[in-house]
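Peer 1: Pasting in a structure now, in structure tokens, and then I'll have a few things to ask.
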Amino acid sequence: MLSSPGIGSGLDVNGLVTQLMKAESQPLTALDAKEAKQQTRLTAFGTLKGALSSFQSNLAALSDPAKFTAITAGFSDTSLANASATSSAVTGSHSIEIQTLAQSHKLKSTVFATTSSAVGSGTLTIQFGTYSGGTFTLNPDKAAQSITISSGNSSLSGIRDAINQANAGVSASIVNDGTGNRLVIASQDTGLSNALKITATDTDGNNTDNAGLSQLVYDGSTGGTTNLTQTVAASNATLVIDGISISKASNNITDAIEGVTLNLLKANPGTTSTLNLSRDTAGIQNAVSSFVKAFNDLNKTIVGLSKYDAGTKQASILTGDSTVRSIQTRIRNAISDPLTTAGGGLSLLSEVGISFQSDGTLQFDSTKLSKALSDPTKDISTLFSSVGKTSDSLVSFTSAKSDTVNGKYSLNVSRIATQGSALGDTAAALTINAEVNNSLNLSVDGVSANITLAAGTYTAASLAAEIQSKINGASALSSAGIKVTVSESSGKLAVVSNRYGSASTVSITGGNGKSDLFGTPAETAGVDVAGTINGVTATGSGQTLTGAADSSGLVIKVTGGSTGARGEIDFAHGFAAKLNKLVGEMLNGRLIDSRIDGINSTIKDIGSQRDALNQRLADTEKRIRAQFTALDTTIASMTQTSNFLQQQLSRLPTTSS
């Protein structure tokens, strides 16, 4: 066996095999080129998908009607107040005089030598309400809070920390005024209705004296104990808007002018400032300009992937691809086709300055948009967003799905939503005694809670406020976002859930005060709104109706009114919503993914072909080398024989002539 190819014959066997295998490997080179092209196509479709996704992100933002109905608010003196507005605000101007700011109620203690001075232990109960005419009226929207002061926290600083850790709607701090340390307790909320009444259950047995924990008692009503001293009275913000005097509990006012929030910073009585409310045209211009740019970016990507350069006769990687042509055509058609039922006086993008140029890009004429914005008969939001316009003021459009069909839908309401309630059948006892009639067990909207009322003598109105305060303050209910309204009529109490619909329930289940306060209450569960949209039964939940058939996904809210015919809902998907749905189908369907799957399948098949070809080439090389090895061996043997014969012939005697 020869140890090295060609050693016997002198032939360059390795070189010959390499040249022969190079020729045999031409199909492998072709496969590599084919795979590289498929990888380039795969990258191209990935780029296209990314561009569509970016375009869709812009469309999703434009689909919000609030984008086109935004109002800007400007206050002439920003040192006095700042303002913001929602789309429900009405454009115009208002004169505003800020007379006083709302203040939090603040109380101070007597002087203590150090912050570690002992005060007392027991329980502090903090109530919120209004002092007027020598009486204290509870704030029904704020529950009383109890804070336990243990012996370990009975120092001045310990009580401060216990109050602050209780999250009870008040804050505590220690102020050294030069004569000693004082505990300052302040309501966290401003306003007359958030004044403080602080009572104590003192472990020394005396709840009103000026010793122990009762040093922190405050009741500013006539005959009340005031061991704390008022430093700042609770007060409302007072202002005059367009000549109308207004009083609000907070300096952050959300309900004086519809859709406007005023944040009062400083009072300036006698001076009038101006609040200007105007259409946010700059925001709309930016939104529309952003849409045009987003489309042009997408178009640039598509053209780059599919164009044919006639000058160089060079095609792009996706030139002539049917999927790319389909995407481009469908998006352009969606932009060009007019809306059928816009409901806002606009049906074409060209009406707001958006039109195609000869090169397939969009151009934006801001002058046309400004003209449309200044026309009160035009609603830009309907041109872009999914919007429903109702003819009944007590019916509002909430939302719709992408498959909700454009159209004008008639509404017929057969039942108005109601709230769950429990109504007492006898006048409530007005004297509440501990362990006698001060507890109630109840369930609201399916959540159970137990409350304990403060002992005392009430009016029917103040008792209703006390019960509402305690129910709404019950942690089991407040953590679930559940609230009630408690009222009285002729001394009879009524508890009504703030929720609407069949899930709205109130049940007085027990407690030692049930009989005295409610007798045998009449308990009625709420009902859902019911009706039809375009003659098809809709699904009611609370105050909302959800359509079916063509109106599937259309959600409206009925807040009141009568049963029967309730006008129409004019609904349409705007261009952004329509395009968002179209692009979503392209991305989430099989249009692009099927092509990507096909390319990946081709690449996988090329890999299999390469593996098979590599195996065949290995076998071929092995065969060729075997043949050359055999040839080399034969030639070596023949050379050896030739050499032997030459040696033998050289030994023969020569013949002389």
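The values are calculated or read from the model by the stated rules, or taken from the named source; none is laboratory data. All figures in this text were calculated on a predicted structure; none of them were measured in a lab. Quick reminder, even Gly has a Cβ in these numbers, built from the backbone with ideal geometry, and neighbours come from all protein chains shown.
Peer 1: Mind telling me which of the residues Ala503, Ala476 ends up being modelled with pLDDT of 95 or more, surrounded by fewer than 17 Cβ atoms within 10 Å (Cβ to Cβ) and within 27 Å of the chain's Cα centre (by Cα)?
Peer 2: Ala503
Peer 1: Could you list, in sequence order, the residues of segment 88-144 that are surrounded by fewer than 17 Cβ atoms within 10 Å (Cβ to Cβ) and of a type in the set (Gly, Ala, Ser)?
Peer 2: Ser88, Gly92, Ser93, Ser95, Ala113, Ser116, Ser117, Ala118, Ser132, Gly133, Gly134
Peer 1: Quick one: would you say Val119 is touching a residue at least 40 places away in the same chain (Cβ under 8 Å) and assigned by TED's automatic domain parsing to the domain that holds Ala195?
Peer 2: Criteria met by Val119.
Peer 1: Can you spot a residue in segment 299-314 that is loosely packed, with under 14 Cβ neighbours inside 10 Å, closer than 27 Å to Gln39 by Cα, out of contact with any Lys or Arg (no Cβ under 9 Å at 6 or more places or on another chain) and at pLDDT 90 or above?
Peer 2: Yes - at least one qualifying residue is present in segment 299-314.
Peer 1: Could you look through segment 419-431, keep only residues that are among the polar types (S, T, N, Q) and surrounded by fewer than 19 Cβ atoms within 10 Å (Cβ to Cβ), and pick out the one that is nearest to Gly542 (Cα to Cα)?
Peer 2: Step one: filter segment 419-431 for residues among the polar types (S, T, N, Q), giving 419, 421, 426, 431.
Applying the additional criterion that residues be surrounded by fewer than 19 Cβ atoms within 10 Å (Cβ to Cβ) yields 426, 431.
On the way: Thr426: 30, Thr431: 37 Å.
Applying the filter and picking the extreme gives Thr426.
Peer 1: Of the conditions (1) touching a residue at least 12 places away in the same chain (Cβ under 8 Å); (2) surrounded by fewer than 16 Cβ atoms within 10 Å (Cβ to Cβ); (3) over 30 Å from Ile331 (Cα atoms); (4) not β-branched (Val, Ile, Thr), Ser650 clears all except one; give me its number.
Peer 2: (1)
Peer 1: Among the residues that make up segment 260-283, is at least one of them modelled with pLDDT under 95, of a type in the set (Ser, Thr, Tyr) and within 25 Å of the chain's Cα centre (by Cα)?
Peer 2: The answer is yes; a qualifying residue exists.
Peer 1: Here is a further query. Mind listing whichever residues of segment 250-266 are assigned to a loop (DSSP other than H, G, I, E, B) and surrounded by fewer than 19 Cβ atoms within 10 Å (Cβ to Cβ)?
Peer 2: Ser250, Thr254, Asp255, Ala256, Glu258, Gly259, Leu265, Lys266, listed by residue number.
Peer 1: In segment 368-402, what count of residues is obtained for those that are within 18 Å of Gly547 (Cα to Cα) and among the small types (Gly, Ala, Ser)?
Peer 2: Keep residues of segment 368-402 that are within 18 Å of Gly547 (Cα to Cα), which gives 386-392, 394-402.
Still in the running and among the small types (Gly, Ala, Ser): 386, 388, 391, 396, 399-400, 402.
Looking only at that region, the number is 7.
Peer 1: Oh, and also: Looking at segment 266-296 only, could you name the residues that are basic (Lys, Arg) and closer than 28 Å to Ser355 by Cβ?
Peer 2: Correct list: Arg279, Lys293.
Peer 1: Still on this structure, I have one more. Only residues that are surrounded by fewer than 13 Cβ atoms within 10 Å (Cβ to Cβ) and in contact with a strand residue (DSSP E or B) (Cβ under 7 Å, 6 or more places away or on another chain): list them for segment 432-460, please.
Peer 2: Hit for segment 432-460 is Thr457, nothing else.
Peer 1: Turning to a different aspect of this structure: Hey, can you tell me all the residues within segment 398-451 that are outside any strand (DSSP E or B), of a type in the set (Ser, Thr, Tyr) and under 20 Å from Gly553 (Cα atoms)?
Peer 2: Hits for segment 398-451 are Ser402, Thr404.
Peer 1: Still on this structure: Somewhere in segment 518-530, is a residue in contact with a Gly (Cβ under 6 Å, 6 or more places away or on another chain), more than 30 Å from Ser552 (Cα to Cα), of a type in the set (D, E, K, R) and assigned to a strand (DSSP E or B)?
Peer 2: No; the residues of segment 518-530 include none that is in contact with a Gly (Cβ under 6 Å, 6 or more places away or on another chain), more than 30 Å from Ser552 (Cα to Cα), of a type in the set (D, E, K, R) and assigned to a strand (DSSP E or B).
Peer 1: Show me the strands (runs of 3 or more DSSP E) found entirely inside segment 78-128 where at least 3 residues are more than 30 Å from Ala211 (Cα to Cα).
Peer 2: Numbers: elements: 81-85, 92-100, 106-108.
Of the strands (runs of 3 or more DSSP E) lying wholly inside segment 78-128, those with at least 3 residues that are more than 30 Å from Ala211 (Cα to Cα) span 81-85, 92-100.
Peer 1: Scan segment 548-576 for residues that are within 30 Å of the chain's Cα centre (by Cα) and part of a strand (DSSP E or B) and jot them down.
Peer 2: Residues of segment 548-576 within 30 Å of the chain's Cα centre (by Cα): 548-560, 568-576.
Matches in segment 548-576: Val555, Ile556, Lys557, Val558, Glu568, Ile569, Asp570, Phe571, Ala572, His573.
Peer 1: Yes or no: Leu59 touching a Phe, Trp or Tyr at 6+ places or on another chain (Cβ under 9 Å), crowded, with 17+ Cβ neighbours inside 10 Å and under 30 Å from Leu262 (Cβ atoms)?
Peer 2: Answer is no for this residue.
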